[in-house]
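**Q** Before I ask anything, let me first share the structure, which is written out below as structure tokens.
The values are calculated or read from the model by the stated rules, or taken from the named source; none is laboratory data. This is a predicted model, so every value here is computed, not measured. FYI the Cβ positions are ideal-geometry reconstructions off the backbone, even for glycines, and counts take in every protein chain you see. Just the protein is used for accessible areas: all its heavy atoms, side chains included, with ligands, DNA and RNA removed. Shrake-Rupley method; radii C 1.70, N 1.55, O 1.52, S 1.80 Å.
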Amino acid sequence: MLRKFFVTFIFFAAIATTGLASAADLSRDSDHDYDPPVPGSYTLPVVKAAADGALLDSSNKAVRLRDLTHGRITVLSFIYTRCAAPKACPYATGVLGQLHDLSAKDATLTKNMRLVSISFDPEYDTPQRLAAYSENVREEKSGCEWRFVTAKSRAELEPILAAYDQAVDKRANTSDPQGPLYHTLRVFLIDRQGRIRNIYSSGTLDPRLVLADVKTLLLEEARFSKQ
């Protein structure tokens, strides 16, 4: 019991101090000109359970969404590869890319965080295209798990979109330079038990805030493990 307490205390202290990559590793910008909250100085409510669904990964293997939202702290983003809207998919993927880069330098993030990019354009975003896309956006070969998945069909995708309240519509002009689909930006923070703990929009998707939230959940886990 004493050894378990000592190990938990060391883990807690490491997260609270310098054991994880910090917001200082990420720059402030004009869209997020503020100091992010100190991890552990706040709590994140349970929003609801993360929904399940049938998907295909970038190697064309069947996978359950539930398996990608349990066991690690997950940052889940809905995207499509043809999107060119600057504050939509490219921005969300860039934020996940920054988190992935940080995890490559931090063993705790590598072991405890997962990134998931789900395409809502299954007709175009085949597993093969997602595999190529993942190679282009992933700068670090090491780091935490980052999965790219899609659905077999629009019919299998629709229940997932509805459960996550992810709106997607076709643009009237399919040749629109921002891409053929219009959608809201929604990125989800999901704890190890598969519960949504935060939902980020284009205005709140700050990598420094996401990192603080991930660390806050890790600190929460450390506190519960001591009880």
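**Q** Being within 25 Å of M113 (Cα to Cα) and part of a loop (DSSP other than H, G, I, E, B): is that true of Q178 here?
**A** On the way: within 25 Å of M113 (Cα to Cα): no; part of a loop (DSSP other than H, G, I, E, B): yes.
Judged against the criteria, Q178 is not a match.
**Q** Check off (1) part of a loop (DSSP other than H, G, I, E, B); (2) open to solvent by 50 Å² or more (accessible area, probe 1.4 Å) for P39 and give me the number that stays unchecked.
**A** (2)
**Q** When region 76-123 is examined, which residues are found to be of a type in the set (F, W, Y) and part of a helix (DSSP H, G or I)?
**A** First pass over region 76-123, keeping only residues of a type in the set (F, W, Y): 78, 80, 91, 120.
The one that is of a type in the set (F, W, Y) and part of a helix (DSSP H, G or I): Y91.
Yes/no matrix, rows are residues, columns are (1) out of contact with any His (no Cβ under 9 Å at 6 or more places or on another chain); (2) buried (at least 23 other Cβ atoms within 10 Å of the Cβ); (3) among the small types (G, A, S); (4) over 30 Å from D31 (Cα atoms):
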| site | (1), (2), (3), (4) |
| --- | --- |
| L55 | yes, yes, no, yes |
| R66 | yes, no, no, yes |
| F78 | no, yes, no, no |
| Y91 | yes, no, no, no |
| Q98 | yes, no, no, no |
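**Q** Suppose the filter is part of a loop (DSSP other than H, G, I, E, B) and either of a type in the set (V, I, T) or under 30 Å from A212 (Cα atoms) (or both); does D165 pass it?
**A** Yes: the conditions hold for D165.
**Q** Here's a follow-up. Output the qualifying pairs, or none if there are none: Cβ atoms under 7 angstrom, residues six or more apart or on different chains, first residue in region 58-78 and of a type in the set (D, E, K, R), second residue open to solvent by 50 Å² or more (accessible area, probe 1.4 Å) and not in a strand (DSSP E or B).
**A** Within 7 Å, the pairs are R64/D52; R66/D52; R72/R192.
**Q** If you go through region 207-227 one residue at a time, do you hit one that is in contact with a strand residue (DSSP E or B) (Cβ under 7 Å, 6 or more places away or on another chain) and either small (G, A, S) or more than 18 Å from G40 (Cα to Cα) (or both)?
**A** Checked region 207-227: no residue is in contact with a strand residue (DSSP E or B) (Cβ under 7 Å, 6 or more places away or on another chain) and either small (G, A, S) or more than 18 Å from G40 (Cα to Cα) (or both).
**Q** Look at region 148-169 and say how many of its residues are surrounded by fewer than 20 Cβ atoms within 10 Å (Cβ to Cβ), of a type outside the set (A, V, I, L, M, F, W, C) and more than 12 Å from T184 (Cα to Cα).
**A** Number satisfying all stated conditions: 6.
**Q** Can you give me the number of residues within region 124-141 that are outside any helix (DSSP H, G or I), surrounded by fewer than 19 Cβ atoms within 10 Å (Cβ to Cβ) and more than 17 Å from the chain's Cα centre (by Cα)? Give the derivation first.
**A** As a first pass, look at region 124-141 and keep what is outside any helix (DSSP H, G or I): 124-126, 138-141.
Now restrict to residues that are surrounded by fewer than 19 Cβ atoms within 10 Å (Cβ to Cβ): 124, 126, 138-141.
Keeping just the survivors that are more than 17 Å from the chain's Cα centre (by Cα) gives 124, 126, 141.
Of the residues in region 124-141, 3 are outside any helix (DSSP H, G or I), surrounded by fewer than 19 Cβ atoms within 10 Å (Cβ to Cβ) and more than 17 Å from the chain's Cα centre (by Cα).
**Q** Condition test on L56, is it of a type in the set (A, V, I, L, M, F, W, C), within 16 Å of the chain's Cα centre (by Cα) and not in a loop (DSSP other than H, G, I, E, B)?
**A** Values: of a type in the set (A, V, I, L, M, F, W, C): yes; within 16 Å of the chain's Cα centre (by Cα): no; not in a loop (DSSP other than H, G, I, E, B): yes.
Against the criterion (of a type in the set (A, V, I, L, M, F, W, C), within 16 Å of the chain's Cα centre (by Cα) and not in a loop (DSSP other than H, G, I, E, B)), L56 does not qualify.
Results for (1) of a type in the set (S, T, N, Q); (2) within 22 Å of Q178 (Cβ to Cβ); (3) modelled with pLDDT under 95, shown as yes or no for each residue.
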{"residue": "A50", "(1), (2), (3)": "no, no, no"}
{"residue": "D57", "(1), (2), (3)": "no, no, no"}
{"residue": "K87", "(1), (2), (3)": "no, yes, yes"}
{"residue": "L99", "(1), (2), (3)": "no, no, no"}
{"residue": "F120", "(1), (2), (3)": "no, yes, no"}
{"residue": "A132", "(1), (2), (3)": "no, yes, no"}
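**Q** Is it the case, given these coordinates, that A13 is modelled with pLDDT under 95 and more than 17 Å from D206 (Cα to Cα)? Write out each step before concluding.
**A** Working: modelled with pLDDT under 95: yes; more than 17 Å from D206 (Cα to Cα): yes.
So A13 passes the test.
**Q** I'd like the full set of residues that are under 14 Å from T74 (Cα atoms), open to solvent by less than 30 Å² (accessible area, probe 1.4 Å) and of a type outside the set (S, T, N, Q), limited to region 100-123.
**A** Scanning region 100-123 gives H100, L109, M113, R114, L115, V116, I118.
**Q** Within region 182-221, take every residue that is among the polar types (S, T, N, Q) and open to solvent by 10 Å² or more (accessible area, probe 1.4 Å) and give me the one that is modelled with the lowest pLDDT. Write out each step before concluding.
**A** Residues of region 182-221 among the polar types (S, T, N, Q): 184, 193, 198, 201-202, 204, 216.
Among the residues that remain, those that are also open to solvent by 10 Å² or more (accessible area, probe 1.4 Å) are: 184, 193, 198, 201-202, 204.
Values: T184: 93, Q193: 98, N198: 98, S201: 95, S202: 90, T204: 94.
Restricting to residues being among the polar types (S, T, N, Q) and open to solvent by 10 Å² or more (accessible area, probe 1.4 Å), the top hit is S202.
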